[in-house]
1. Please compute the contact order of chain A in relative form: average sequence separation of alpha-carbon pairs under 8 Å and at least six residues apart, divided by the residue count, as a percent.
2. Which whole-number percent gives the relative contact order of chain B, counting Cα pairs below 8 Å spaced six or more residues apart?
3. Is the shape of the range B:1-52 rounded, prolate or oblate, going by the alpha carbon gyration tensor and its root eigenvalues a ≥ b ≥ c, with a/c under 1.5 for rounded and a/b larger than b/c for prolate?
4. Can you tell me the relative contact order of the range B:1-50? Whole percent, Cα pairs under 8 Å, sequence separation 6 or more.
5. Return the average number of partner chain Cβ atoms within 10 angstrom of each residue Cβ along peptide A:39-46.
6. What percent of all Cα-Cα pairs in the protein assembly as shown falls into each 5 Å bin, going from 0 up to the bin containing the maximum distance?
7. In chain B, what is the volume of the convex hull around the alpha carbon atoms, normalised per residue and reported in Å³?
8. Compare A:68, A:47, A:77 in a GNM of chain A, Cα atoms joined below 10 Å, and give the one with the largest fluctuation.
């Protein structure tokens, strides 16, 4: 069975602070894919990043960066110099193997950026 | 570019009434299609997925059913709604290449059953 754990239910920081959202996953498959999605108040899930299990390189996209570590089964997400527009619920998700079944999501982290 | 539509955006229905939510995708062919439900608060659960017309897989037993009458159309239905069917329903699509393509989500439908 697969599992994704986002232990941080809610995080509140002041604008311009850096913040890291944690994600720990469990899977028995050697091939799997990890994702982060952002859910703003409107509700739509916005895709942020996809990473496969064979690529442990960290990735940076503007103020966003991701740290993938297979040794600790973690895929953490850092926002540098946070902004009010970053306020949202962030979901980490996992899918493994072949086929076309669905994502296993964590319960999400509600990020609040205070001005 | 690909676009995914869902309607209605919001729905309030009495217990025992039928339900039909529609999802359509534009700009792609042979997509994999998915229905997820997000209960009050958080947590997304996969309800159904489809790899082609008429092909539906169900992840959890429930009061709902899904159909895919056309390549880019996915419908979620119920004959009689329960209070527990309330939630936020999200449709998603991914490329149907057999690889773990990214799933892209629609704007969702908020359903309140009273």
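Throughout, read-outs are computed from the coordinates displayed, never taken from laboratory work. From a predicted model like this one, the values you see are computed outputs, not experimental measurements. Because the Cβ atoms are built from the backbone with ideal geometry, glycine has one as well, and the counts that use them run over all protein chains shown.
1. With pairs under 8 Å counted, the relative contact order is 38 percent.
2. 35 percent
3. prolate
4. Averaging sequence separation for qualifying contacts and normalising by length gives 31 percent for the range B:1-50.
5. That average works out to 5.
6. The calculated distribution, bin by bin, is 1, 7, 14, 18, 18, 16, 13, 8, 4, 1, 0.
7. It is 96 Å³ per residue.
8. Result: A:47 has the largest fluctuation of those listed.
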